[in-house]
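*Asks:* Starting off with a structure, shown below.
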Amino acid sequence: MSERIREKLKILADAAKYDVSCSSSGSTRKNKNKGLGDTGNGICHTYTEDGRCVSLLKILLTNFCIYDCAYCVTRKSNDIKRTAFTVQEVVDLTINFYRRNYIEGLFLSSGIFKDADYTMERLVRVAKKLRSEHNFNGYIHLKSIPGASDELMKEAGLYADRLSVNIEIPTEQGLKLLAPDKDRKDMIQPMNFLKNEIILRESENKTFRNAPLFAPAGQSSQMIIGAAQESDKDIMFTANSLYKNFNLKRVYYSGYVPVSNDNRLPGLNTSVPRIRENRLYQTDWLMRFYGFQVKEIVNQEHPNLDLDIDPKLSWALRNVQQFPIDINRADLHLILRVPGIGIQSARKIVDARRFQRLNWEHLKKLGVALNRAKYFIICNSRNYERRDLSGSQIKQYILSGAQSKALSAVAIQLQLF
Amino acid sequence: MTILIYDNTWPGFLTAIFDAYERKLEQARICPQRTLQPSLLYTPINIITDNVKAKRVWLGLEKKLSRTGLQNVYHSFLSELPAIEDHLLEYIRLALTLDGAEKAYGNSTILRGTQVAKMVYREKHRMEAFVRFQLTKDGIYYGAVDPDFNVLPILISHFEKRYADQKWLIYDLRRKYGIFYDLEKVQEIELDFAKPEGGDIRSIFSEEEEIYQTLWKDYFIHVNIKERRNIKLHLRHVPKRYWKYLIEKSP
Ligand code: SF4
């Protein structure tokens, strides 16, 4: 009996792992009536050997699929073992993993068997069972299957904390080429529906204290990077419109892992564009937390992100005339634009300078990466960069001072997942 | 110089702060019994833990510090780092003299307070992630830990909220005490046991335990993308010293 489950788990975890979203944060669901589970900031219970957070039991309900998307291992034409969990099997795994503190909850996705509604109905049934039969209050992320009925989407929202539709390929042409049976509209439509539903329920929640939760952790989406020949500008503009138009909580960027010899795609031995993926995440953060407009970072003249330096530094080097800024006076939003200063350090600077004027020593202790920041700021010290350096000179100084570091920094940035 | 010796407890430490103020000791050290080393340089005073005094100190701090500031003090205390008490005494002196002092990060005492607290908070967070419960035959989910800092007291509320419908016990093997939830409340307990992990797993743990451990290990291997192997990053997130708790990292 357990051997069969083992086999299924192996196959269906393997098939689900290319979806990089792992977040289990942002829900407001609380333990009720002394049941099982609670949600909060989300916890990574372990990390895989590729360095990714494991927070949810991430599996497919089945890897049978009627579609043939070129970039996907589960595609119909791929010669692999197929299997399916029963609803009860998924419920048991989730509960037992959760009770042992292995996971924050479940992320359930699926290949499409029969049709969208048939598949979605099963996903919903798992979530419903967990919530109503097991009083499970942990995190549930369900994939919303494009083309499923509004009724099912609504039901999904009542049980799930987060719903997601993956946009998969950043450009419409790319999608047409690689997944000819799919239509961008079918992906946008459920996002739009859910956005409106979430807004509606939120206002109800304000009016009626006991109105049920509806997807309290919102929606997310994922794009595969490097499968079609899109530019970073294409990717980030699409991401930006998803954030703006559908209030997405997160967009994930998943470097394409070659799974096929199809000549429409990068070959099997090409490597995953990991650095590029990182730069995209950094850009995403600059948009969401640092007050940058997407077009400041990528635009017609600069359609692709630099791989050797981070996007904030690239921006600053193109805009040296806006610097230096005075750390002891400048507004928080300007300090956030300085390369080498993160959100935490920026806040600490603003707090600490009320008590004393800060010098280089202070800044270093507050966690500022001075090797980058020093070209862009002045502080309480007579020492500062007096030469009128051009962007490319600064870049050279920074890279030669930290050649190896610049590359190992790439690994650190991976924590953004 | 005077050295105030307290009984290793939090109220004991707060009482020592109270006494340091009451006796107007300009220069004093505070030291837990646990790490006391006899010295001729200091005049020792044994502090008798007094909950009323402790409470007064805490109320005093509550007036001056934000929630984060208070948390910095308590969490730093739980670090059990050498001389952390002396450092906290100085931190508290600053907090009581200067409004908003907890944010004067240019001051090294204040900054260190935040940094130590952050280390402790990180350890708390790691325990919330890395505790692995194993179901015993008598229906208790048991997890052993060996944290760098004394974080059990600040784990209670997280686990109590999450596992409200199962009995659980988290045991600190280094400090030899645990927190036990019996479906009603959480208590501190001390166990006298031959190490459970030494015995045959089947004799202590329920039958299904082995099945779920195997499934979890399978899952861990299969969710990994081999093409993206990055052991350095893996080790940064899951430092080797924690592997002993982790089912998925055990052979
Ligand atoms: S529909 Fe989904 S599971 Fe099926 S082939 Fe396309 S991407 Fe893969």
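The values are calculated or read from the model by the stated rules, or taken from the named source; none is laboratory data. Nothing here was measured: the structure is a model prediction, and the numbers come from that model. Note: ideal-geometry Cβ built from the backbone for every residue, glycine included; neighbour counts use all protein chains shown. These accessible areas exclude ligands, DNA and RNA; they are computed on the full protein's heavy atoms, side chains included. Shrake-Rupley method; radii C 1.70, N 1.55, O 1.52, S 1.80 Å.
*Asks:* Per DSSP helix of 4 or more residues, -39500 (n - 2.57); summed, then divided by the residues of chain A. What does that give at 222 nm, rounded to the nearest 500?
*Replies:* Value at 222 nm, helices only: -13000 deg cm²/dmol.
*Asks:* Within a Cβ distance under 13 Å of residue B:172, other residues only, what is the Lys/Arg minus Asp/Glu net charge?
*Replies:* Working: positive: B:124, B:174, B:175, B:176; negative: B:80, B:123, B:146, B:148, B:188, B:190.
Net charge around residue B:172: -2.
*Asks:* Hey, can you rank A:47-54, A:106-113 by average C-beta count inside 10 Å, highest first?
*Replies:* On the way: A:47-54: 22.1, A:106-113: 23.8.
Those peptides, ordered most packed to least, come out A:106-113, A:47-54.
*Asks:* May I have the extent of the alpha carbons of region B:2-123 along their three principal axes, as whole Å values ordered from largest to smallest?
*Replies:* 37, 27, 23
*Asks:* Something else about it: Counting partner chain Cβ atoms within 10 Å of every residue's Cβ in A:101-109, what's the average? Please report the intermediate quantities before stating the final value.
*Replies:* Numbers: counts 14, 12, 2, 2, 0, 0, 0, 0, 0.
If you average over the peptide's residues, the count of other-chain Cβ atoms is 3.
*Asks:* Expressed as an acute angle from 0 to 90° and rounded to the nearest 10, what is the orientation of the C-alpha long axis of helix A:150-159 relative to the principal long axis of chain A?
*Replies:* Approximately 70 degrees, to the nearest 10.
*Asks:* Could I ask something else about it? For chain A, take the longest principal axis of its alpha carbons; what is the angle in degrees between that and the long axis of helix A:184-207, to the nearest 10 within 0 to 90?
*Replies:* 80
*Asks:* So, one more: So how far, in whole Å, is the C-alpha centre of region A:73-103 from the one of region A:138-156?
*Replies:* Each part's Cα centre sits 18 Å from the other's.
*Asks:* Another question about this same structure. Considering only A:235, A:286, A:268, whose Cα is most displaced toward the positive end of the charge dipole of region A:218-305, charges sitting on Cβ of Lys, Arg (+1) and Asp, Glu (-1)?
*Replies:* A:286
*Asks:* Express the Stokes-Einstein translational diffusion coefficient of chain A in µm² s⁻¹, to the nearest whole number, given a Kirkwood radius over alpha-carbon pairs, 25 °C and a viscosity of 0.890 mPa s. All intermediate terms of the calculation are to be shown ahead of the outcome.
*Replies:* Values: Rh = 23.3 Å.
Translational diffusion coefficient: 105 µm²/s.
*Asks:* To the nearest whole number, what is the average tally of beta carbon atoms from other chains within 10 Å of the beta carbons of peptide A:51-57? All intermediate terms of the calculation are to be shown ahead of the outcome.
*Replies:* Numbers: counts 13, 8, 2, 8, 1, 1, 4.
The per-residue average across the peptide is 5.
*Asks:* With N set to the residue count of chain B, report its C-alpha Rg divided by 2.2 N^0.38 Å to two decimal places.
*Replies:* Numbers: Rg = 21.6 Å, N = 251, 2.2 N^0.38 = 18.0 Å.
Taking N as the residue count of chain B, the ratio is 1.20.
*Asks:* Turning to a different aspect of this structure: Give me the one-decimal nm value for the distance between modelled label points at residue B:36 and residue A:326, 7 Å along each residue's Cα-to-Cβ direction.
*Replies:* Reported label-point gap for residue B:36 and residue A:326 is 5.5 nm.
*Asks:* Which whole number gives the average count of other chain Cβ atoms within 10 Å of the Cβ atoms across peptide B:165-172? Working shown, then result.
*Replies:* Numbers: counts 9, 2, 0, 2, 0, 1, 0, 0.
Mean partner-chain Cβ count within 10 Å for B:165-172: 2.
*Asks:* Could I have the simple spin-label model distance between residue A:263 and residue A:392, label points 7 Å from Cα toward Cβ, reported in nm to one decimal?
*Replies:* Each label point is offset 7 Å from its Cα along the Cβ direction, giving 4.0 nm.
*Asks:* Let me ask another. In degrees from 0 to 90, rounded to the nearest 10, what is the angle of the helix A:274-289 Cα long axis to the longest principal axis of chain A?
*Replies:* 80
*Asks:* Computing the accessible area with a 1.4 Å probe over protein heavy atoms, can you report the carbon and sulfur percentage for region A:103-235? Mind showing how you got there, number by number?
*Replies:* Working: 2510 of 5160 Å².
Its accessible area is 49 percent carbon and sulfur atoms.
*Asks:* Ranked from highest to lowest mean number of other Cβ atoms within 10 Å per residue, what is the order of the peptides A:142-153, B:78-89, B:33-44? Don't skip to the end; give the middle numbers.
*Replies:* Working: A:142-153: 20.2, B:78-89: 17.9, B:33-44: 10.3.
Going from most to least packed, we get A:142-153, B:78-89, B:33-44.
*Asks:* For each pair in B:64/B:118; A:8/B:217; A:10/B:167; A:176/A:249, compute the distance between the two Cα atoms and list the pairs where it is over 22 Å.
*Replies:* Numbers: B:64/B:118 20 Å; A:8/B:217 14 Å; A:10/B:167 30 Å; A:176/A:249 26 Å.
Table pairs above 22 Å Cα-Cα are A:10/B:167; A:176/A:249.
*Asks:* Leaving out ligands and nucleic acids, and using a 1.4 Å probe, what accessible area per residue does the protein assembly as shown come to in Å²?
*Replies:* Working: 30560 Å² over 668 residues.
On a per-residue basis, 46 Å².
*Asks:* Can I ask one more? Please report, in Å, the Rg and the Dmax of region A:216-265, where both are computed over Cα atoms only.
*Replies:* Rg, Dmax (Cα atoms, Å): 12.9, 42.
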